1. Can you pull out every residue in the range 360-372 that is surrounded by 15 or more Cβ atoms within 10 Å (Cβ to Cβ) and in a helix (DSSP H, G or I)?
2. Those residues that are more than 13 Å from the ligand (Cβ to nearest atom) and not hydrophobic (A, V, I, L, M, F, W, C), I need them from the range 1-19; list them, please.
3. Report whether or not GLU220 is in contact (Cβ under 8 Å) with a residue 60 or more places away in the chain and surrounded by fewer than 17 Cβ atoms within 10 Å (Cβ to Cβ).
4. Looking at the structure I just gave you, is GLU92 closer than 19 Å to VAL136 by Cβ and acidic (Asp, Glu)?
5. So which residues in the range 82-106 are surrounded by 15 or more Cβ atoms within 10 Å (Cβ to Cβ), of a type outside the set (Gly, Ala, Ser) and in contact with a strand residue (DSSP E or B) (Cβ under 9 Å, 6 or more places away or on another chain), if there are any at all?
6. Can we say SER76 is touching a residue at least 60 places away in the same chain (Cβ under 8 Å), in the same structural domain as ALA145 (by TED's automatic domain parsing) and not acidic (Asp, Glu)?
7. Has the range 187-199 got at least one residue that is outside any helix (DSSP H, G or I) and either basic (Lys, Arg) or over 23 Å from THR333 (Cβ atoms) (or both)?
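The values are calculated or read from the model by the stated rules, or taken from the named source; none is laboratory data. As the structure is a computational prediction, the values presented were derived from the model and not from experiment. Positions of Cβ are backbone-derived with ideal geometry, glycine not excepted, and every protein chain shown enters the neighbour counts.
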Amino acid sequence: MSNKIIGVIGAGTMGSGIVQLAAVSGCDVVMMDANPLAAEAALEKINKTLKSLVEKGKLASEMANTAFSRIKIGRSMKDFNHCDLVIEAVVEEISVKKELFKNLEEICKPSCILATNTSSISITSIGSLCKNAGRVIGIHFFNPAPIMPLVEIIPGLATANATLAESVEIIKSWGKTTVIAKDTPGFIVNRVARPFYGESIRIYEEGIADFATIDWAMKEIGGFKMGPFELMDFIGNDVNFKVTETIWQQFFYDSRYKPSITQKRLYEAGFFGRKSGKGYYDYKEGAIKPEPVKNEVMGKHIFMRVLSMLINEAYEALYYRIATPSDLEAAMTKGVNYPKGLILWGTEVGLSTVLETLEQLHSMYNEERYRPSLLLKSSVLSSRK
Ligand SMILES: NC(=O)c1ccc[n+]([C@@H]2O[C@H](COP(=O)([O-])OP(=O)(O)OC[C@H]3O[C@@H](n4cnc5c(N)ncnc54)[C@H](O)[C@@H]3O)[C@@H](O)[C@H]2O)c1
């Protein structure tokens, strides 16, 4: 339990979840949205969610009532002047976020931490208009915020150590697992997970297998809870495509993160997935899900190709000191529910097998996309000594 005063700006999908989490964790919360109707709707949604948690026996009725009474809707930015921590969850637009932080700094007390829930924008750039960027930090929740156990904490270049330590302490007191990520595109999870989607789409584009077969291979042989195409349809192809495109651009168009034409076309057609009724699969009532081709040999080949790319990305993230090995493992198991951490998985399947798979792909396609990480190569070499 925590007794801090929390401000949340932006009361959409993420903001409303963060408000609920903070209130249930014992904090007083001020919530504001540029659209007052959105704040009212968020309050209504939180009320409903708390009531359903009570009905399911997951929350005591008294606790739900107390939590709900802790939430206030702010009418102006001035209502944030007594907060200890303000978390911003507004639109993913750099100019909007930069301006917001500049204004917040004028209003909030000097000890207040200013955090952003951005998925893809640099924390350093968001804080760049602030006079004291030492109190600006990334606190990246996953959707739905009250349920997902992981939170990535991202200090920018100017973030003070005290801001980092206090942010970790507050988020841990809300029952979350925190990992610390360097301020680089996609932080940990959104960067390391890219090949799960990108390489699977590539396999489809090459005509090796259809969506259902690739999903079957990754679930049945790989043990993933959802196949890549099912997951993209769940996340939304609009969101997934935009995240991929942003990460690729921010890595100065490194071909390893290149988005695919297949997903761009789905995005352009409005085939966003479950939410639009059609994505890689058809979600209309009565639609029949295609059957996979359950060929074990092909399935193993698909799984090993995608897994090798994921392990390579994890090694690259380690090589560039994006996170510690233990934070990287926690991020992928708790942020995207992978059945195992990728470092552990690499040792289980054998790093030399992973390297061989990548080298074969690299020599076959002659594409930078398949270049093995230096750390992966040196780990294989040292294990052979
Ligand atoms: N949706 C996800 O899965 C997810 C996961 C992690 C992080 N994020 C990040 O969280 C942030 C919010 O995403 P979301 O999915 O909740 O978006 P959303 O569209 O559901 O909500 C955004 C809200 O911000 C409000 N808003 C816009 N500009 C504002 C301003 N200047 N001041 C106050 N309110 C403003 C909008 O009216 C809207 O209600 C983004 O930065 C996004 O990248 C999203």
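1. Passing the criteria: LEU361, HIS362, ARG369, TYR370.
2. Of everything in the range 1-19, those that are more than 13 Å from the ligand (Cβ to nearest atom) and not hydrophobic (A, V, I, L, M, F, W, C) turn out to be SER2, ASN3, LYS4.
3. yes
4. Here the answer is yes, as GLU92 does meet what is asked.
5. Listed by number, the residues that qualify are CYS83, ASP84, LEU85, VAL86, ILE87, GLU88, VAL90, LYS97, LEU100, PHE101, LEU104, GLU105.
6. Criteria not met by SER76.
7. Step one: filter the range 187-199 for residues outside any helix (DSSP H, G or I), giving 187-188, 193.
The next check asks that each one be either basic (Lys, Arg) or over 23 Å from THR333 (Cβ atoms) (or both); those that pass are none.
No, because not a single residue in the range 187-199 is outside any helix (DSSP H, G or I) and either basic (Lys, Arg) or over 23 Å from THR333 (Cβ atoms) (or both).
For every residue, the table says whether it meets (1) in the same structural domain as ASN295 (by TED's automatic domain parsing); (2) over 19 Å from GLU313 (Cβ atoms).
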| position | (1), (2) |
| --- | --- |
| LYS172 | no, yes |
| TYR197 | yes, no |
| ILE203 | yes, no |
| GLN250 | yes, no |
| LYS264 | yes, yes |
